[in-house]
Each structure stands twice: as structure tokens, then as C-alpha cells.
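Working notes, beginning with the structure itself.
The values are calculated or read from the model by the stated rules, or taken from the named source; none is laboratory data. Nothing here was measured: the structure is a model prediction, and the numbers come from that model. Using ideal geometry, Cβ is built from the backbone for each residue, glycine included, and neighbour counts are taken over all protein chains shown. All accessible areas refer to the heavy atoms of the entire protein, side chains included, with ligands and DNA or RNA removed. Shrake-Rupley method; radii C 1.70, N 1.55, O 1.52, S 1.80 Å.
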Amino acid sequence: MLSLKVRLSQKHAQDLSFSPFYPNKLACASGQYYGIAGSGSLDIITLPDVPGALAGAPTGVQGAQPVVQSLPWSDCLFSVAWSEKNEHVIVTGSGDGSIQVYDINNNKGPVAALKGHTREVSCVHWCQCRLVNHLFMSASWDSCIKIWNGETLQMVSDLPNRHDSLIYEVQSSPLVHGLFGSCSGDGTVKLWNMNSAHQPMGGWVAHPQAEVLSLDWCKYNQNIVATAGTDGLLKIWDIRNTGEAHMVLVGHQYAVRRVRFSPHHASLLATSSYDFSIKIWDFLRHNHPLQSLNQHTEFVCGLDFSLHQDMQLASGSWDETVAVWNLSPPLSDNK
């Protein structure tokens, strides 16, 4: 189940992302002192190969060691995203309000730093739909969302004051180009069209009297969104009817920091929490978790599924480790 654990060099993991191009590469954004002070680092982890398997297939064979390339930054890095068009490009969001652009072939640090936000950049997200996959978005504690051209590195849209509180995450729909969602400390989720983002397409209070820390889109149904909050709840929504949640999933003891849908199974998703655990869910089968992974000893902030290997999951924690998990497939496939 736990196939590999990588120890960071006195850094606390904040976010991580599998490469959409390389099956064996994983990027982690981290910082000193839990992100409160100190410097940050982008760690590019090359996972060991399986003997006899296709080259690049990640595993965690006992005795095999990952290769870690660390690229420092002067402030904590809170978010990381791989380019969907260029296999060498990664962007990160920093506590100093800037966005760093890295070329993984350049060991000297970022090739560019983009200015635009006035407070911590809590999220960077690269658009996945093919028609807009040259764009990435950033969200900040300054309550603003910005859209950037990843090829020219120019800002193409500036969307100020999109929420009444800090914005934790933005996520674009993988199925409907131009559609994206945002979640905030004001307890709401809002939906936007990139071409007319002066007003939201819709919005609702997703977690009353709580902050919405994360959201993600189902990869197989364009109407399904999951949200996670400081109330410890995971909620599944149909965006055509947001009067009440489609499902409320209970299992975490404390705030749920991240939620991610599987790219291989329509109803499977994972969450990470401040209760030090990761939980696996199938919202079409149960309202309680299928599995609980409890190897971390601090807040689990980073979470991502591998696009290349079914049921492979990575997690990053404030315990200064990144873990890679190879999970059992679900009993039924709801694709």
C-alpha cells in the first residue's frame, strides 16, 4: 500500500502534483516553519523504476531510491502545477505574492517570476481542456483570481475581489473549456466563465460557518464537483442544483485540506486532512471512506492521483515527507 516515502530537507510539504507527461516525476511545493516564515523549495522527485516494467513506471521497489532535485525560493511555496503543454515547465505560488516559472532542465532556479498578487498565492492551476491548455490560473489571499498565458507569461485576465474572503483554490473543468470554480474562506463556491468572468455563472454557500479549503471536478461527469471544508466534511454537488449537497461524506475528525477525483474511476476520490490521515471514497457506493491511510504524523496538505498509473496516489505532509501509495483497485468500476 505505502510504496515509497521521501524525506524533504527540513521543509514542510504544502502541495504536490504528478507530471502529466512523465510517469515517474512528482513535483512538491514546500516551505520552512510550516509556511509561516523562512524560505521555500520546489522539489522534483524522480521515482525509481520497476525492474522489467516499462521505463519510467513508478513503483517504490524496496532498496531503490528516488532522485530529488531541489530548487530554492526565498519564501514558502504553497502551490505547484505542471504545464499541460510543455513537459519541462512547472509553476509555483509563493508567500511573497509572486508566481515562479521553472524549467526542470535548469538547475539555477526559476526562469521567471510573475508579479500580480498582493498577498500569498494560495493556488496555481494549469487548465486541462485542450482548447485552453496554454493558460494557467492563480488565486490568492488577496481575494483575486488571475489568468495567465503560459507561453507568453503575460496576464490575460485580472479578476479582483471575486470573494468576500481569501481564496484557497481555483480548478478548471476538465470537460467544459472555459469553465472554472473557486472556493473561499467565506464558505462559498463560485463558478466562472473565462470569457465573461466579471460576474459568476453561479455560486452557493457550500460549507456554512466554515471555510472551503478545496474543490475538484469529476473527470467523467461535467456536472459533479466535490468540496472540502474546515468543518471536516466532504460534499458532492451537482452544479445544476446546488440547493443542497448531492452527498455529504463524513469520516475526518478535523479540517479537510485537499480533495481530488481519480482520473481513472468516475466516483472515486481522495481527501487529505489536518487529522493526519488520507481517506479514499466512492460516493456512488458509500457515504463513509473505503480506506484510511495513516502513515503521516502531521497535517496532510498535498494530494494528487497519478494520471499514468491507476490507483497510484501521492501525499505531502508537514511531517517533512512525501508518500507514494499504490492502492487496491475498487471492487466495481464506475467509469
Quick count over segment 99-137, residues being in a strand (DSSP E or B), more than 14 Å from Leu42 (Cα to Cα) and under 19 Å from the mean Cα position of the chain (by Cα), is 8
Taking segment 162-177 as the region of interest, how many residues are of a type in the set (Gly, Ala, Ser) and open to solvent by less than 30 Å² (accessible area, probe 1.4 Å)? 2
Need pairs with beta-carbon distance below 6 Å; first residue basic (Lys, Arg) and within segment 268-282, second open to solvent by 10 Å² or more (accessible area, probe 1.4 Å); sequence gap 6+ or separate chains. Lys279/Gly251; Lys279/Pro289; Lys279/Ser292
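Which residues, taken from segment 202-224, are touching a residue at least 40 places away in the same chain (Cβ under 8 Å), more than 13 Å from Ser165 (Cβ to Cβ) and assigned to a strand (DSSP E or B)?
Matches in segment 202-224: Gly202, Ser214, Leu215, Asp216, Trp217.
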Just the residues that are touching a residue at least 40 places away in the same chain (Cβ under 8 Å), among the hydrophobic types (A, V, I, L, M, F, W, C) and open to solvent by 30 Å² or more (accessible area, probe 1.4 Å), please, taken from segment 116-146. Leu131
Just give me the residues in segment 253-287 being part of a loop (DSSP other than H, G, I, E, B) and open to solvent by 20 Å² or more (accessible area, probe 1.4 Å), in sequence order. Gln253, Tyr254, Pro263, His264, Tyr274, Asp275, Phe276, Leu284, Arg285, His286, Asn287
As an exercise: evaluate Asn149 against (1) of a type in the set (S, T, N, Q); (2) more than 25 Å from Pro208 (Cβ to Cβ); (3) surrounded by 16 or more Cβ atoms within 10 Å (Cβ to Cβ) and give the number of the one condition it does not meet. (3)
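Conditions (1) buried (at least 20 other Cβ atoms within 10 Å of the Cβ); (2) modelled with pLDDT of 95 or more, marked per residue:
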{"position": "Trp192", "(1), (2)": "yes, yes"}
{"position": "Ser196", "(1), (2)": "no, no"}
{"position": "Gln199", "(1), (2)": "no, no"}
{"position": "Lys219", "(1), (2)": "yes, yes"}
{"position": "Ala226", "(1), (2)": "yes, yes"}
{"position": "Thr230", "(1), (2)": "no, yes"}
{"position": "Ile236", "(1), (2)": "yes, yes"}
{"position": "Arg240", "(1), (2)": "no, yes"}
{"position": "His246", "(1), (2)": "no, yes"}
Some residue of segment 220-237 being more than 20 Å from the chain's Cα centre (by Cα), among the β-branched types (Val, Ile, Thr) and farther than 13 Å from Thr271 by Cβ: no
Can you tell me which residue in segment 76-98 is nearest to Ile44 (Cα to Cα), limited to those that are part of a loop (DSSP other than H, G, I, E, B) and small (Gly, Ala, Ser)? Ser83
Of Leu159, Leu213, which residue is surrounded by fewer than 23 Cβ atoms within 10 Å (Cβ to Cβ) and under 23 Å from Ala81 (Cα atoms)? Leu159
Got a number for residues in segment 138-169 being of a type in the set (D, E, K, R) and not in a strand (DSSP E or B)? 4
Every residue in segment 80-109 that is closer than 13 Å to Glu120 by Cα, open to solvent by 10 Å² or more (accessible area, probe 1.4 Å) and in contact with a Cys (Cβ under 8 Å, 6 or more places away or on another chain), please. Gly95
Return the pair list, or none, for Cβ contacts closer than 8 Å from residues in segment 225-239 that are more than 18 Å from Ile278 (Cβ to Cβ) to residues that are acidic (Asp, Glu), at least 6 apart or on different chains. Val225/Asp216
From the residues in segment 14-40 that are open to solvent by 10 Å² or more (accessible area, probe 1.4 Å) and hydroxyl-bearing (Ser, Thr, Tyr), which one is nearest to Ser74 (Cα to Cα)? Ser39
